[in-house]
Amino acid sequence: DAMFQWFEQVLGARFEFTNQGLLHWCLGIEFLKSPDGRQLTLTQRQYAKNVLARFNMTECKEARTPVDVSTKLSLADCPQHVNAALQAEYRAKVGCLQYLSTCTRPDLAFAVSLHSRYLHAPGEKHLASLNRVLRYLKGTVDLGITYVNTSLLLSPISPYLNTLVSYSDASFASCPDTSRSVTGYLVLMNNGPIALKSGRQPSAALATSSSETTALMKATVSVKHLRKLLFHLGCQQF
C-alpha cells in the first residue's frame, strides 16, 4: 500500500489522472477478481461475441478444436487471381483472432499463425478452415486466463509466488510449403500464461532433435528476458 501511494504521488506530480479504483475493463479485456483476492481472471468474452456477430457466426455449429488435423493448408490452394472480397474478409477474421490469441486466448495461437501464412492470396479452402476457428470460438467464448496467488493456495504446478514455469515443443517439417518445423512454447507464472509463441522456425531442421532444440532455445530466451524483468520488479527467481 505504501509503494502504491508513493507511485500515485509521483505520477500525479507529472500527469493529470483520476484514480477510478480497481481495474475492470481495458482495451476489450475484462478483469475479474475473486472475492477472496486469490484469483484474477482475464477474459474477452464480449469481444469474442462481437467478432462472431460481425461475421454472422453467432448461430454456427460449434467445433471442438480450432484446427482440423486432417486438413493440410498449402500455397498450392492459393488462387492465381485473388478474390478481393474474399481476401478482405479473410484478413479481417485473422486480425480479430490475432488480438484474441495475443491477449487472453493462447489456445488460438497456432491457428492464427497457420492462417496468417496465406493473407496474400487466400482461397476457399483457407477461408473454410478459418471459419472452423470461429466455430471453435463459438463454443469457447467464456475461456480466459486465470492467475492464482500460489502463496495462498498450494499448487502442484507452481508452489511459489511468481515462479516461472516453461514448456516447449516442436513439430518436425510440418509445413508442406517450406518443410520447416513449427515452434511452440509457453511460459506460466502463478498458473497463467504470460508469454507464448507458435510459428515456423527460421530454417529447415535436419532432424526431430534439431527442431526440438530450436524450440527449447526460443523458450529459454523468453525465460531469460522475463527473469531479468522480474528481477527489476523485485520478484527475483531462484
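The values are calculated or read from the model by the stated rules, or taken from the named source; none is laboratory data. These numbers were taken from a predicted model, which means no experiment stands behind them. Ideal geometry is used to build each Cβ from the backbone, glycine not excepted, and the neighbour counts take in all protein chains shown. Please note that ligands, DNA and RNA were not included when accessible areas were found on the heavy atoms of the full protein model with its side chains. Shrake-Rupley method; radii C 1.70, N 1.55, O 1.52, S 1.80 Å.
Tilt of helix 124-138 relative to the longest C-alpha principal axis of the chain, in degrees (0 to 90, nearest 10)?
That works out to roughly 30 degrees.
How large, in Å, is segment 39-148 by the Kirkwood hydrodynamic radius built from its alpha-carbon pairs? It would help to have the intermediate numbers written out before the result.
Details: mean 1/r = 0.0698 Å⁻¹.
Value: 14.3 Å, from the Cα pair sum.
Quick one: which residues, 5 or more positions from residue 104 or on another chain, have an amide H under 5 Å from its amide H? H modelled 1.01 Å from N in the peptide plane, none for Pro or chain starts.
Correct list: empty.
Across the chain, how many lysine pairs separated by 8 or more positions, or lying on different chains, have Cα atoms within less than 14 Å? Show your work: numbers first, answer last.
Details: 49/93; 49/138; 61/138; 72/125; 93/138; 197/218.
Eligible lysine pairs with Cα atoms under 14 Å apart amount to 6.
Classify segment 95-232 as rounded, prolate or oblate from the Cα gyration tensor: take a ≥ b ≥ c as the square roots of its eigenvalues, call it rounded if a/c is under 1.5, otherwise prolate when a/b beats b/c and oblate if not.
Details: a/c = 2.54, a/b = 1.35, b/c = 1.89.
It comes out oblate by the Cα gyration axes.
If the only charges are +1 at each Lys and Arg Cβ and -1 at each Asp and Glu Cβ, what is the size of the charge dipole of the chain around the Cα centre, to the nearest 20 debye? All intermediate terms of the calculation are to be shown ahead of the outcome.
On the way: 24 positive and 16 negative charges, 73 e Å.
Dipole size: approximately 340 debye.
From the phi of every residue in segment 10-19, what ³J(HN,Hα) in whole Hz does the Karplus formula 6.51 cos²θ - 1.76 cosθ + 1.60 yield, where θ is phi - 60° and glycine or proline is x?
3J(HN,Hα) across segment 10-19, in whole Hz: 5, 5, x, 6, 10, 9, 8, 8, 10, 7.
Can you give me the three principal axis dimensions of segment 168-208 from its C-alpha atoms, in Å, biggest first?
Cα spread of segment 168-208 along its principal axes, largest to smallest: 37, 17, 13 Å.
Give the residue from 196, 184, 69 lying farthest towards the positive end of the charge dipole for the chain; charges sit on Cβ (+1 for Lys and Arg, -1 for Asp and Glu) and the dipole is referred to the Cα centre.
Towards the positive end, the residue furthest out is 69.
For the chain, what is the accessible area per residue in Å² when the probe is 1.4 Å?
Values: 14630 Å² over 238 residues.
For the chain, the solvent-accessible area averages 61 Å² per residue.
Taking all protein chains as present, what is the carbon and sulfur share of the accessible area of the chain, in % to the nearest whole number, probe 1.4 Å?
Within the chain, the accessible surface is 57 percent carbon and sulfur.
Using modelled backbone amide H atoms (1.01 Å from N, in-plane), which distant-in-sequence or interchain residues come within less than 5 Å of residue 197's amide H?
Correct list: 185.
Want the number for residue 169 to residue 233: 0.36 nm per residue separation, take away the alpha-carbon distance, what's left?
Values: separation 64, 0.36 × 64 = 23.04 nm, distance 2.91 nm.
Between residue 169 and residue 233, full extension yields 20.1 nm more.
Restricting things to alpha carbons, tell me how big segment 1-85 is in terms of Rg and Dmax, in Å.
Using the Cα atoms of segment 1-85, the pair Rg, Dmax is 22.5, 64 Å.
Compactness ratio of the chain: Cα Rg over 2.2 N^0.38 Å, N = residue count?
Working: Rg = 20.7 Å, N = 238, 2.2 N^0.38 = 17.6 Å.
That ratio works out to 1.18.
Tell me, what HN-Hα J-couplings in whole Hz come from the Karplus equation 6.51 cos²θ - 1.76 cosθ + 1.60 at θ = phi - 60° for each residue of segment 33-42, using x for Gly and Pro?
Along segment 33-42, the couplings run 9, 5, x, 8, x, 8, 10, 10, 10, 10 Hz.
Could you list which residues have their amide H under 5 Å from that of residue 162, counting only those 5 or more apart in sequence or on another chain, with H placed in the peptide plane?
Sorted by chain and number, the residues that satisfy this are 150, 190.
Where the Cα atoms of segment 154-235 are projected onto their three principal axes, how long is each span, largest first, in whole Å?
The Cα atoms of segment 154-235 stretch 44, 26, 18 Å along their principal axes.
Explain nothing, just compute: Karplus ³J(HN,Hα) = 6.51 cos²θ - 1.76 cosθ + 1.60, θ = phi - 60°, for every residue of segment 227-233 in order, whole Hz, x for Gly and Pro.
4, 5, 4, 5, 4, 6, 8
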